[in-house]
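Shown next, in C-alpha cells, is the structure this report addresses.
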Amino acid sequence: MSEPKVLLSGLGIPESPRWHGGRLWFCNWVERQVVAASLDGRREVLPSPSEFPMGYCIDWLPDGRLLVTGDKVRRREPDGTMVVHAEQRANEIVIDGCGNAYVNGADFNFPAGEAPRPGYIKLITPDGQLRQVADDIQFPNGMVITPDNRTLIISESFAGRLSAFDIDDDGGLSNRRVFAEGLGPDGICMDAEGAVWVQTGGFSIVRVAEGGRVLQRVDLPEHRAPFALMLGGPDRRTLFILTAEWRLADGHVNNLARLNTGPRTGEILALPVSVPGVGRP
C-alpha cells in the first residue's frame, strides 16, 4: 500500500467527512466552517450555523437538503437559508435511504473534562418525529449504515468497540451486538466487502472485519491522530484520513485547548485503496 498524501492542510480539527456530489465535504471545527473540497484542493466554505465551535456534523436528506448538528439540528433549504429541523443537541449524524436521520450525543461537557455519562442514539423520522432508539452508548461517535439500510454500526469510543444494531421497519434499533473491539473508534466508514475503516486509539487506522479480524493497517506519524475517515473519489477508492496534532501524554482537555487557540495543525490525507466505499454516509 502506498503512503498517504496531504490533500489539505492548515485546518482546525477536520471532522465529519462525506463524499457528496463529486467533492469531499467536511466540518472544519474551531474555524466553525463546513467545507466542500475538490480533489485538486479547491474549497467552497460555508459558515457553520451551530453555536458550538466543535461537535457538529453533516449529512444529506434524500431530497438533497443538508442537515447540520450541534446545539440544534438545522436544515439548509434550497435558497440557502437555515431552519431548525429538530430541537435536539447532537454530535454525529447519519441518514438512511428512507430519510431517517440518526443523531447521537452524551449529556456531559467533554472538552472541559467533566465526568463521562452514557450517551444515546435518537431518530428523527422524515415527518419530524424525534425519539430515542438506543441508550448506554459509551461516548457515541461515528456511525455508518449498510447499503441495504438494515444495519447501523456506531463507534463507542470510551468502550473501544464498534457496536451494530438491526434497523427495524419503523426505524428503531434492535439486536445490539459487538461488531469489533480492542479499538479506539471515532469517525468510521464501510467498504464493499463489509469491512470498516476505524482508528486504533493511537496514531494508526485499521480495516477490520466483523468479529474483529484486522485486514489492513496504516500507520501515521507520531502525534498525528486520525479523527475521521471516508472512502470517496470518483470510484470511492480513495481513503480520506482527517487528522490533527494530538499528544497522548497531554490528555484531551489540554489537546483540545491547544487545537482551539494554537497553530492550525489539521490535515486531510488521501490514500488509494482497492476496495471501494459503500453505505451511508
Computed curve, the stretch 24-74, Cα-only Debye sum without solvent term, log₁₀ I(q)/I(0) at 0.29 Å⁻¹, is -1.12
Length gained, Ala257-Val6, 0.36 nm per residue minus C-alpha separation, equals 87.9 nm
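Size of the dipole of the stretch 199-255 about the Cα centre, Lys and Arg at +1 and Asp and Glu at -1 on the beta carbon, nothing else charged, in debye to 20?
Once rounded to the nearest 20, the dipole reads 220 debye.
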Log10 I(q)/I(0) at q = 0.10, 0.14, 0.17 Å⁻¹ for the stretch 111-268, from Debye over equal alpha-carbon scatterers, is -0.40, -0.77, -1.08
Among (1) 6, 24, 25, 19, 14, 8, 3, 1, 0; (2) 7, 27, 32, 22, 10, 3, 0; (3) 7, 32, 40, 20, 1, the entry matching P(r) over Cα pairs in 10 Å bins from 0, in percent as calculated here is (3)
Taking r as the C-beta separation of Glu77 and Arg131 and R0 as 25 Å, the FRET efficiency to the nearest 0.05 is 0.50
Using alpha-carbon positions, the gyration tensor of the stretch 2-113 gives root eigenvalues a ≥ b ≥ c; with a/c under 1.5 called rounded, otherwise prolate if a/b exceeds b/c, else oblate, the class is oblate
Residue-normalised 222 nm signal for the chain, counting each DSSP H run of n ≥ 4 as -39,500 (n - 2.57), nearest 500 deg cm²/dmol, is -1000 deg cm²/dmol
Note on the chain: contact order normalised by length, alpha-carbon pairs under 8 Å, 6 or more apart, percent, works out to 17 percent
1/(1 + (r/R0)^6) with r = Cβ-Cβ of Gln216 and Asn175, R0 = 22 Å, i.e. FRET efficiency to nearest 0.05, evaluates to 0.20
Taking N as the number of residues in the stretch 192-267, the ratio of its alpha carbon radius of gyration to 2.2 N^0.38 Å works out to 1.24
Share of accessible surface on carbon and sulfur in the chain, whole %, 1.4 Å probe and ligands ignored, is 46 percent
For the stretch 32-122, dividing by residue count, accessible area per residue (probe 1.4 Å) in Å² works out to 44 Å²
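The values are calculated or read from the model by the stated rules, or taken from the named source; none is laboratory data. Because the structure is a prediction, the values reported are computed rather than measured. So basically every Cβ, Gly included, is an ideal-geometry build from the backbone, and we count neighbours across all protein chains shown. The accessibility values were calculated without ligands, DNA or RNA, using every heavy atom of the protein model including side chains. Shrake-Rupley method; radii C 1.70, N 1.55, O 1.52, S 1.80 Å.
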